[in-house]
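The values are calculated or read from the model by the stated rules, or taken from the named source; none is laboratory data. Worth saying up front: this structure is predicted, and the values here are computed from it rather than measured. Reconstructed Cβ throughout: ideal geometry from the backbone, glycine too, with neighbour counts over all protein chains shown. Quick note on the areas: whole protein, heavy atoms, side chains included, nothing else; ligands and nucleic acids left out. Shrake-Rupley method; radii C 1.70, N 1.55, O 1.52, S 1.80 Å.
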Amino acid sequence: MSIKLIRQAFSRRPPPRMWRSHPLKDQYEVVIIGGGAHGLACAYYLAEEHGITDVAVLDKSYIGSGGSGRNTAIVRSNYLTPEGVRFYDESVKLYEQLACKLDFNVMFSQRGHLTLAHSDASVRTMRRRAEVNKLQGVNSRLIWPDEIARLCPHLDLSDHPRYPIQAALFHPPGGIIRHDAVVWGYAREADRRGVQIHQETEVTGIKVEHGRVRGVQTKRGFVGAKQVLNATAGWGSTIATMAGIDLPMTTFPLQACVTEPLKPFLNTVVVSGSLHVYVSQSDRGELVTGASVDPFASYSMAGSLSFLEEISGHLLELFPCLSQIRVLRQWAGLCEMPPDFSPIMGLTPVEGFLIDTGWGTYGFKASPICGKTLAALIATGRTPDLIAPFRLSRFAENQLVGEKGAASVGH
Ligand code: PYC
């Protein structure tokens, strides 16, 4: 426990506010639409690394109310494409330093990540992923049932299940994090550096003149800006349309749920792409688990019984010992899915209007690196090499980044 925390506990003063309220100005240098981990990270790095503090982060609700508060908080970099592995690995490295950088405990637990293979084809894919990962310097390897049993003794490794487990991709740096803490930590440090956070400030239009962005229309009035970043996860294409840009994405709900707390028994994150299930145990003991995206496009964030039936069946196939466990609550978030399962980031045909979109089921884990690279692009006008493969123009150039290592997308 830090000295600061102990001093605060004994002081009579209420703890300082994490971020302040301000009147909305009619002009900023940069407006960021979306107060999730991506938007707030970008605001923080703009201020911290480039000295740009005349920044407003606008959210239509409270900060972290979108994808940042609706995910399962898995962090990993064991993707399939070299472009994806390099990008997510930088994010893992930033997450490793984040608690120190923000002076805020984000509870990053690198407990290891197992992706199970239940068929010969899947073993081949995991082997390929392991090789791509190693070539990029990422710690990831194929392991067999004896080692899986040591890491995760409660998994059913017998030949009884419909799809017996044959092997797994083991990624020791992968783990889970406290997603709200990431949002709050970035918000507090951005605020301290002069960034303004405006909650309940919905953007309803984007003003573009002669091919250049001029600002955003909000429910609280017009706000001018030299540069506008669209960091709105599930609503990325809706916002882009306001600037006259059509993004090649479809929105699907992704559901997840949490069980009652159990004594600690699951020390790794466990994922099965074939069964469409991923599960980890939170520090409170709850199992946090989810399935693949819903099989239809929708903006609904309602939970469904069919999800609960499906996830229970799949989870019990892996862990029959959980048959008496009760589900406490479930939720859904919106995933905008590009055709190649890779994000769409960077410049657009509208000068000054940038995008941080296409985050499908893989957005939260990219927050730090996405914020950092987009801040660099906003500040310098130059696209960092790390995000160049994810440019919007890749679709017209036929340079897709087919990311089959994305989870929950039912390839
Ligand atoms: O990318 O690890 C992942 C993930 C798990 C659930 C949704 N995405």
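Residues Val132, Val223, Val216: which one is over 30 Å from Ala47 (Cβ atoms), in contact (Cβ under 8 Å) with a residue 24 or more places away in the chain, β-branched (Val, Ile, Thr) and buried (at least 16 other Cβ atoms within 10 Å of the Cβ)?
Val132
Only one residue in Leu347, Leu374 is over 17 Å from the mean Cα position of the chain (by Cα) and away from the ligand (no atom under 16 Å from the Cβ). Which one?
The match here is Leu347.
So, in region 168-198, of the ones that are open to solvent by 10 Å² or more (accessible area, probe 1.4 Å) and among the aromatic types (Phe, Trp, Tyr), which residue ends up farthest from Val223 (Cα to Cα)?
Here the answer is Phe170.
Tally up the residues in region 46-60 that are crowded, with 24+ Cβ neighbours inside 10 Å and part of a helix (DSSP H, G or I), please.
Within region 46-60, residues that are crowded, with 24+ Cβ neighbours inside 10 Å and part of a helix (DSSP H, G or I) number 1.
Would you point out which residue out of Asp59, Asp89 is among the acidic types (Asp, Glu) and within 16 Å of the ligand (Cβ to nearest atom)?
Result: Asp89 is the single residue among Asp59, Asp89 that is among the acidic types (Asp, Glu) and within 16 Å of the ligand (Cβ to nearest atom).
If you go through region 62-72 one residue at a time, do you hit one that is open to solvent by less than 20 Å² (accessible area, probe 1.4 Å) and more than 16 Å from the ligand (Cβ to nearest atom)?
Within region 62-72, one or more residues are open to solvent by less than 20 Å² (accessible area, probe 1.4 Å) and more than 16 Å from the ligand (Cβ to nearest atom).
Only one of (1) buried (at least 22 other Cβ atoms within 10 Å of the Cβ); (2) within 14 Å of the ligand (Cβ to nearest atom); (3) more than 30 Å from Gly215 (Cβ to Cβ); (4) modelled with pLDDT of 95 or more fails for Trp359. Which number is that?
Condition not satisfied by Trp359: (3).
For residues in region 242-279 being β-branched (Val, Ile, Thr) and out of contact with any helix residue (DSSP H, G or I) (no Cβ under 9 Å at 6 or more places or on another chain), which is farthest from Thr348 (Cα to Cα)?
Going through the qualifying residues, I end up with Val258.
List the residue pairs whose Cβ atoms are under 9 Å apart, where the first residue sits in region 391-408 and is closer than 26 Å to Phe353 by Cβ and open to solvent by less than 20 Å² (accessible area, probe 1.4 Å), the second is part of a helix (DSSP H, G or I) and more than 15 Å from the ligand (Cβ to nearest atom), and the two are 6 or more positions apart or on different chains.
Within 9 Å, the pairs are Val401/Glu83; Val401/Pro389; Val401/Phe390; Val401/Arg394; Glu403/Glu83.
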